[in-house]
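**Student:** Structure incoming, see below.
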Amino acid sequence: MSQKPAFTIRGKEIEVSRPEPLEASAEVIRLTKRMDMDEALEALEEGRYVMIRDFFSTGLNLLRELKQRLSYKGGNQTFESQRAFRKAYRERSHRVLLRIERHKITARKSPIVGWFEILYPDVSEFLLPFPQVQGLNSSWQWYEKGIKFPGLRQRIHPYYGVYFPTRFDHVLLFDAWLKNYAGKREVAIDVGTGCGVLAFLLRKYRFGIVHATDHNPNAIIGLQQSLKSEKQSEGIELYYGDLFADCDQEADLIVFNPPWLPADKEMEGLDTAIYYDEHLFPAFFAEAKKHLKPDGQLVLLFSNLAQVSNLAKDHPIEKELASGARFEKVELQQAEVKSASKKTRRNAQWRSREKVELWVLRHK
């Protein structure tokens with residue numbers, strides 16, 4: 001039984017989250033580029049495993065053929081049909097395997113992925129699904145070079161498995177709002193900090209102490225490692241757990257950038273940074289009521305994406321305000337989003353109607 005790397009955060013030991021290694025002895029069909037792709041595709045459809053034996057590119061070709069067989073054409077497809085395609089593709093593609101030995105992929109002409117040594121120091125030989133290796137490789141590239149967010153001087157280096165925004169419209173909106181913020185700046189809480197971009201912005205605007213929470217262990221582990229090398233990041237305290245975790249502070253400002261889309265299935269991994277279940281917002285508002293100072297402000301960064309794409313009728317923030325129980329609106333700022341990339345294959349027809357939102361609430 002392998003032992004995951006563990007880190008200590010505020011006296012609590014937490015284990016890193018990583019793709020679960022498969023035993024290298026698992027029975028598989030071994031595929032080379034000279035073999036029949038149809039046989040491999042049929043094996044995947046039947047629920048069997050296929051291991052890439054020769055070149056990394058053989059796996060890429062197999063996944064390309066798999067997409068074609070699933071007849072995904074993009075274009076004017078609905079959100080629901082895109083989700084169905086992604087589900088079917090995920091089920092089959094995760095049965096395409098790569099072998100890892102001594103922290104390197106055995107298939108020839110494979111990328112060098114530094115995460116293997118960091119996340120799997122306890123395992124010398126194992127298998128991983130090809131898409132998970134692709135995810136590890138992509139994450140490693142982002143981690144090495146870092147991301148330059150608007151409003152910040154330093155680059156942020158997101159740890160593996162941590163959500164980071166690739167669109168900055170809401171970050172720009174929050175940065176502009178903070179420039180004009182006239183309230184107290186003693187204590188702020190960044191709920192669900194992720195890669196930490198909002199926490200760093202709060203420190204930039206001279207909040208005395210920023211308490212940053214996240215239920216993803218890798219978010220907290222990654223930020224802990226980053227804070228050790230960021231002199232200007234003194235004043236950020238990390239908490240591991242759901243919503244406010246074990247932070248018992250009252251804040252002048254609470255910031256929350258929740259998921260923007262309602263979930264239609266059980267979630268895991270990065271899904272929880274993108275989709276919300278029916279319990280998230282009620283639980284958040286109930287806890288925020290306890291943590292917000294009497295004269296404090298609550299800021300939520302959100303979007304109308306679920307409404308314009310017909311995934312939800314109710315807007316969770318509007319629903320909370322309509323109840324009249326805890327908070328009232330101070331202001332709502334909206335900004336149009338940038339056009340979708342021409343390279344994307346997903347239907348982005350709703351982009352012209354999507355707006356990012358900055359809600360400011362206070363105690364009722």
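The values are calculated or read from the model by the stated rules, or taken from the named source; none is laboratory data. All of these numbers come straight from a predicted model, not from anything done at the bench. Here Cβ is always computed from backbone atoms with ideal geometry, including for glycine, and neighbour counts include all displayed protein chains.
**Student:** Considering only segment 113-129, state which residues are touching a helix residue (DSSP H, G or I) at 6+ places or on another chain (Cβ under 8 Å) and β-branched (V, I, T).
**Tutor:** V113
**Student:** Let me ask something else about it. Output the residue which, of all residues in segment 32-56 that are acidic (D, E) and part of a loop (DSSP other than H, G, I, E, B), is farthest from S110 (Cα to Cα).
**Tutor:** Among residues in segment 32-56 that are acidic (D, E) and part of a loop (DSSP other than H, G, I, E, B), the one farthest from S110 (Cα to Cα) is E46.
**Student:** Exactly one condition in (1) buried (at least 16 other Cβ atoms within 10 Å of the Cβ); (2) closer than 30 Å to G208 by Cβ; (3) touching a residue at least 60 places away in the same chain (Cβ under 8 Å) is not met by L97; state its number.
**Tutor:** (2)
**Student:** Being farther than 29 Å from I112 by Cα, touching a residue at least 60 places away in the same chain (Cβ under 8 Å) and not polar (S, T, N, Q) is the requirement here; does V187 meet it?
**Tutor:** Spelling it out, V187 is indeed farther than 29 Å from I112 by Cα, touching a residue at least 60 places away in the same chain (Cβ under 8 Å) and not polar (S, T, N, Q).
**Student:** A follow-up question, please. Scan segment 130-144 residue by residue and report those that are touching a residue at least 12 places away in the same chain (Cβ under 8 Å) and either touching a helix residue (DSSP H, G or I) at 6+ places or on another chain (Cβ under 6 Å) or not small (G, A, S) (or both).
**Tutor:** F130, P131, Q132, V133, L136, N137, W140, W142, Y143, E144
**Student:** Here is a check on your reading of the model: is K109 in the same structural domain as Y49 (by TED's automatic domain parsing), touching a Ser or Thr at 6+ places or on another chain (Cβ under 8 Å) and not aromatic (F, W, Y)?
**Tutor:** Yes: the conditions hold for K109.
**Student:** So for segment 7-30 (the condition being part of a strand (DSSP E or B), touching a Lys or Arg at 6+ places or on another chain (Cβ under 7 Å) and without any contact (Cβ under 8 Å) to a residue 40 or more places away in the chain), does at least one residue qualify?
**Tutor:** Checking segment 7-30: at least one residue is part of a strand (DSSP E or B), touching a Lys or Arg at 6+ places or on another chain (Cβ under 7 Å) and without any contact (Cβ under 8 Å) to a residue 40 or more places away in the chain.
**Student:** From the residues in segment 133-164 that are outside any helix (DSSP H, G or I) and among the charged types (D, E, K, R), which one is farthest from V113 (Cα to Cα)?
**Tutor:** Result: R153.
**Student:** For segment 273-298, give me each residue that is free of Cβ contacts under 8 Å to residues at least 24 places away in the same chain and in a strand (DSSP E or B).
**Tutor:** Answer for segment 273-298, where residues must be free of Cβ contacts under 8 Å to residues at least 24 places away in the same chain and in a strand (DSSP E or B): just Y275.
**Student:** Separate question: Consider V171 carefully, then state whether it is outside any strand (DSSP E or B) and within 17 Å of K4 (Cβ to Cβ).
**Tutor:** Against the criterion (outside any strand (DSSP E or B) and within 17 Å of K4 (Cβ to Cβ)), V171 does not qualify.
**Student:** Pick from L270, L227, L253: which is touching a Leu at 6+ places or on another chain (Cβ under 8 Å), touching a residue at least 12 places away in the same chain (Cβ under 8 Å) and assigned by TED's automatic domain parsing to the domain that holds L198?
**Tutor:** L253
**Student:** Could you tell me which numbered condition A88 fails, if it satisfies all but one of (1) touching a Leu at 6+ places or on another chain (Cβ under 7 Å); (2) modelled with pLDDT of 90 or more; (3) assigned to a helix (DSSP H, G or I)?
**Tutor:** In the conditions (1) touching a Leu at 6+ places or on another chain (Cβ under 7 Å); (2) modelled with pLDDT of 90 or more; (3) assigned to a helix (DSSP H, G or I), A88 misses (2) alone.
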